[in-house]
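Report on the following structure.
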Amino acid sequence: MINTALKGFCMGTADIIPGVSGGTIALILGFYTRLIKAIRAFDSTLLTYLYRGDFRTAIQHIDLLFLLSLGTGIIAALLFFTRIIPLPLFIRDYPELVYGLFFGLLVASVGVLFRRIELTKFRDGGWLLLGTLMGYQVITLVPMNTPEAPWFIFVSGALATCAMILPGISGAFVLLILKKYTYLLDAIGTLDFGVLIPFGLGAATGVMLFSRFLEWLIRNYYQQTFRVITGILIGSLWIIWPFQARTYQTIEDKSYLIDSVPIWPQELTGTVVVTFGLIIVGIVTVIVLDSLAKGSTQLR
């Protein structure tokens, strides 16, 4: 349980960072398919077990201990990086270091996935290209003006969690696009339940519906699904690259990222050296995790 909670903490940390998907971390750490199946298990079969009073089978059916441990880690990360350490401010002040580590993780993850998918036919590459275009299109969207009414907070929660469980697309980035990223983090930091309750309901609704669709895709179109997912990861590398010319817009004393273009560092500064070091750390971390996971069914 402690190991699963630590994985949840890593997933929750990633979900706070715009551009980094919690689903990607789940994929890297080897519990992605288990997570999708556990969420998908909230179905009519579960209701049948509960109606019969067969609670033990119901708990096993939804993998409850796994979900509780993972959820505990995710919530702990959200609270820790909003109430104790303001990670969004750290990202704003030292973006190269944070994104350097995640860029390394993402690059190595793409390499791991390439070994697990079949690319023997021309149409196989087409699925990969489709995913790449999808990932690029999403991350290059710009923030839009949106209301702060409960109904829209509900919609934001649904969209963000759909992105959260899809590797390569960040739920935090979706919130940035909807101009609800800082708004939600402030609500978490101040425990504003007027915002957190509709967001949570939207998140639960979105993840329940989307996980069913995703689990169906994995079950019936395994190779095609992971080709698209790999492409999405490739497309998202554009914004994860640590050296970016970032443009912020200040609205009501809050800064919002409105544009980001990858650049190559012009000088070999200490920050540049450390950033490339963190990229290597990220790559090595995934290689080690993948080596430890060999022989297990990480994707199936």
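Any read-out appearing in this document is the output of simple, stated calculations on the displayed coordinates, not a laboratory observation. What you are looking at is a predicted structure, and each value in this text was computed from that prediction instead of being measured. Cβ sites come from the backbone with ideal geometry, for glycine too, and all protein chains shown count toward neighbours.
Which helices (runs of 4 or more DSSP H) does segment 49-120 wholly contain that include 1 or more residues that are over 23 Å from Thr247 (Cβ atoms) and under 16 Å from the mean Cα position of the chain (by Cα)?
Numbers: elements: 55-61, 64-79, 87-93, 95-114.
Passing ranges, in order: 64-79, 95-114.
Only one of the listed residues (Leu70, Leu29, Leu6, Leu50) is under 30 Å from Lys180 (Cβ atoms) and surrounded by fewer than 17 Cβ atoms within 10 Å (Cβ to Cβ). That residue is Leu6. Within segment 27-44, the residues that satisfy the criterion of being outside any helix (DSSP H, G or I) and not hydrophobic (A, V, I, L, M, F, W, C) are Gly30, Asp43. Pairs meeting the criteria (first residue in segment 36-64 and closer than 20 Å to Met164 by Cα, second residue of a type in the set (Asp, Glu), beta carbons under 7 Å, at least 6 apart or on different chains) are Ile36/Glu215; Lys37/Glu215; Ala38/Asp63; Arg40/Glu215; Ala41/Asp63. Within segment 7-65, the residues that satisfy the criterion of being under 21 Å from Leu113 (Cβ atoms), in contact with a Gly (Cβ under 8 Å, 6 or more places away or on another chain) and of a type in the set (A, V, I, L, M, F, W, C) are Cys10, Met11, Ala14.
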